[in-house]
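Everything on this sheet refers to the single structure shown next.
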Amino acid sequence: MPTQDRSEPPWREIALLWAARRCGALDALSTTAGTPEAVADATDIDPESAERLVAALQSQGFLARVDGEYEPTNRLLGFLTKTDLRSIGRLPAELDAFERWVALPGTLEGEAPPEPTDALRNELGKEAATDETRLRSEVTTAVHAAPDGDSVVVVGDGAGRRAVEFARRGWSVTLLDSEARIDAAEPLLRRESVDLRRGDGTEIPPCDLVV
């Protein structure tokens, strides 16, 4: 399960994945294509380029050769999972950000910025991958601000990691976020003692602490 919170994205890997996604190879490799020839057939790239691309993805640990074909490794798990935010990790959201940077010249000239598929899911997956030590430190610091408190409203924590940490420390927790973000994270939080509320943060329920 991805948990590392890197301060600097691996830009070379991101650029490689961006190229693979733009030409359709990433989708092909994540579904049915198991060879460079199959990738070429499923996309508009030529067989030689497909072979080089597959080799590059293998060298970066995104593909593994099994019984003569290439299969996605756990490094591509975030591009395969559709429901479990905890399995997405940081990489898909970083790829979305890279795509927006690449499109920046056109955006500055008035073009609509790109809206990557599953952007919200990827954003929440990145939040869910926050390093555990950092997460606990942030909650501990917040708790010190209200030493006698026992109720907290956590605003904008769509993935619910901080809300869950408060709940496990015995706090009464309300998680307040947009409808779309709450809907995406709700399956992860059904078994947690966290009250989910949809809103924009303008109306905060009574509590001892807001974070």
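Each reported figure results from applying straightforward, stated rules to the coordinates on display, with no laboratory input. Computed from a prediction, not measured in an experiment: that's the story for all the values here. Here Cβ is always computed from backbone atoms with ideal geometry, including for glycine, and neighbour counts include all displayed protein chains.
Some notes on this structure:
- Note on the chain: percent of Cα-Cα distances in each 10 Å bin, starting at 0 and stopping at the bin with the largest distance, equals 8, 28, 28, 20, 11, 4, 0.
- Helix-only [θ]222 nm of the chain, DSSP H runs n ≥ 4, -39500 (n - 2.57) each, per residue, nearest 500: -14000 deg cm²/dmol
- More than 22 angstrom apart: percent of Cα pairs within segment 11-126: 35 percent
- Percent antiparallel among DSSP beta bridges (both partners in the chain, rounded to 5): 25 percent
- Applying D = kT/(6 pi eta Rh) to segment 95-159, where Rh is the Kirkwood radius over alpha-carbon pairs, T corresponds to 20 °C and eta to 1.002 mPa s, the Stokes-Einstein value obtained is 144 µm²/s.
- Rg and Dmax, both from the Cα atoms of segment 44-108 and both in Å, are 14.8, 48.
- In segment 148-211, the trypsin sites (Lys or Arg not before Pro) that fall in loop regions by DSSP, at most 14 other Cβ within 10 Å: 169, 190, 191
- For segment 132-210, average projected area of the Cα convex hull in nm²: 4.8 nm²
- Size of charge dipole - the chain - debye, nearest 20, with Cβ of Lys, Arg +1 and Asp, Glu -1, no other charges: 640 debye
- Largest GNM mean-square fluctuation across 93, 55, 159, computed for the chain with C-alpha springs under 10 Å, falls on 55.
- Amide H partners (placed H, <5 Å) of residue 172, local residues excluded: 151, 152
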